[in-house]
1. Here's a check for you: in segment 409-435, which residue that is of a type in the set (Asp, Glu) and over 19 Å from SER455 (Cα atoms) is surrounded by the fewest Cβ atoms within 10 Å (Cβ to Cβ)?
2. Would you mind stating whether ARG390 is among the charged types (D, E, K, R) and over 25 Å from GLY92 (Cβ atoms)?
3. Considering only segment 95-146, how many residues are closer than 22 Å to LEU301 by Cβ, surrounded by 21 or more Cβ atoms within 10 Å (Cβ to Cβ) and among the small types (Gly, Ala, Ser)?
4. Restricting attention to segment 429-442, report how many residues are more than 17 Å from ASN483 (Cα to Cα) and assigned to a helix (DSSP H, G or I).
5. Within segment 407-429, can you find the residues that are among the small types (Gly, Ala, Ser) and either in contact (Cβ under 8 Å) with a residue 12 or more places away in the chain or assigned by TED's automatic domain parsing to the domain that holds LEU238 (or both)?
6. Say we look at segment 432-453 and pick out the residues that are among the aliphatic types (A, V, I, L, M) and touching a residue at least 60 places away in the same chain (Cβ under 8 Å); which of these is nearest to PRO408 (Cα to Cα)?
7. So the check is Cβ under 7 Å with 6+ separation or different chains; which pairs have a first residue in segment 153-173 that's without any contact (Cβ under 8 Å) to a residue 40 or more places away in the chain and a second one that's polar (S, T, N, Q) and crowded, with 21+ Cβ neighbours inside 10 Å?
8. Examine segment 398-413 for a residue that is more than 28 Å from THR61 (Cα to Cα) and under 28 Å from the mean Cα position of the chain (by Cα), and state whether such a residue exists.
Amino acid sequence: MTIAASVPVARRQRNLAPLCVAAAAYLLLLVNGDSLLHDPDTLWQIKVGQWILDHRAVPWTDFYSLTHQGEVWLSTSWLSQVLFATIYWSWGWAGPVVLTAAAIALAMGLLLAFLQRHLELPYALLFCLLAMTLAAPHLLARPHVLALPVMVGWSGALMAAADRGRAPSFLLLPLMALWANLHGGFVLGLALTGAIGLESLWRAAPSRRLALAWRWTAFGLAALVASCCTPYGVDTLLGAVRILSLGKSFSIIAEWRPADFSSFSPFAGALLGLLGLGLWRGLSLSPPRVLLILGATWMALAHVRSIETFGVLVPLGLAQPLSQWIRSASDTPRGMRMAPGVPSALAAVAIVLATASATVTFAGRHTFQFSIVQTPVAAVDVLAERKAARIFNSYGFGGYLIVRDFRPFVDGRSELYGEKFLMGYFAAEDGRDVSGLLRMLDDNRIDATLLTTDSPAAQILDNIKGWKRIYADNVAVIHVRDNAGGATAATSK
């Protein structure tokens, strides 16, 4: 009787675990919601979203920048931008915080649910905690976070099909269409279709491989078509390709830089743990699964932005092999469906209602504020007073200039500017090409510069005849031409 009674309890605990983890992650992020508002790019994402709502159209060309106005620019994150703009104008900064926290929580809940297909709850929770820790530096109110639960759902569903030696259901295709409208990272989902499809073929009996290959091929082609179900159609792929073709400039943009191992980090710990696990247990994986994990590792090593992808794909790839030597409770079902019965349903409803109530209560008492620590608010006020029109700015200030209705020299839309322009710009701004800096200022008829306080270009202009510093604080420095007229004495805050 004791054993029989323990089975329903274990089932309820197991199947409610993803919901409990999602609620806990959401509440944790909500309480620390201001940390989600530390990226200036959030500002221009909302600005673009509002433009789309106002014009009931998506942009095809740039109308914000000083240097590339009129050139092709496709907003591959248009739906995320619309969602951010809509909820911002309805709830203020609480809106983007709630939306971002909910997306992250949903992703963690889905990841736990997929991992529980093979692993007991403690091990599955450990992997979820690892994924959350690795993604933490990049958890910001930006489109890639809204696409995170879609990535987890797509990857987990493909891996589940491969584990069963089957082709994925065509019912997954709306997920790809949603991903393509939320963020340009949908190309990862297309690549995963081929990579995980190889794992399915490896596991299948030889007599079934040809038929299974046709099913995976058909699904992959359908996924490609689904990714084009956006306002841009086939050009959606063009927008994604432009992002991936930035070449050497990836190594200069902070979030695209290679991983840094000069000091210990959670990612370094995860890599060492993965290596130690393989050496200790002699874990045996199929060649396609090895390639998948190596591919995710290489992406994370090449670009810090991909570390969160590593934190999702590696646990999903290891869950089934790990289950073979981690002792599991045979009486605990591994299904993702909620156990039937009124108690489980009531518990789920209670969790959802409690989370919603906590959201209303906390958001009503706490005023979320966008971080201005790295935002040149006062400096741009000075530029507005001087009616500056042609501004040479530091890369990180471009988004804020867009919000303030200035045309930036460069901003976070790297795919618009391209590798050649960005490499020349960074060489000039970093002080590695002084003649290039002066040429850019003259060729673009720049009348003011807005640079970070530690920018080499700002220090160079302090010693260049024809330019003078008129403003400086702990965020930004402004230089203007000597003949600009109406210059004021240099100030410092």
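The values are calculated or read from the model by the stated rules, or taken from the named source; none is laboratory data. Every value quoted in this text rests on a predicted model; they were computed, and no experiment measured them. Note: ideal-geometry Cβ built from the backbone for every residue, glycine included; neighbour counts use all protein chains shown.
1. Quick first cut of segment 409-435, residues of a type in the set (Asp, Glu) only: 411, 415, 419, 429-430, 433.
Right, trim to over 19 Å from SER455 (Cα atoms) and you get 415, 419.
Working: GLU415: 20, GLU419: 15.
So the residue we want is GLU419.
2. Yes, satisfied.
3. Residues flagged as closer than 22 Å to LEU301 by Cβ, surrounded by 21 or more Cβ atoms within 10 Å (Cβ to Cβ) and among the small types (Gly, Ala, Ser) within segment 95-146 amount to 2.
4. Total satisfying the criteria: 7.
5. Listed by number, the residues that qualify are GLY412, SER414, GLY418, GLY424, ALA428.
6. If we take residues in segment 432-453 being among the aliphatic types (A, V, I, L, M) and touching a residue at least 60 places away in the same chain (Cβ under 8 Å), then LEU450 is nearest to PRO408 (Cα to Cα).
7. LEU158/THR193; ALA161/SER200
8. Going residue by residue through segment 398-413, those that are more than 28 Å from THR61 (Cα to Cα) are none.
Checked against the condition, which is being more than 28 Å from THR61 (Cα to Cα) and under 28 Å from the mean Cα position of the chain (by Cα), segment 398-413 yields no hits at all.
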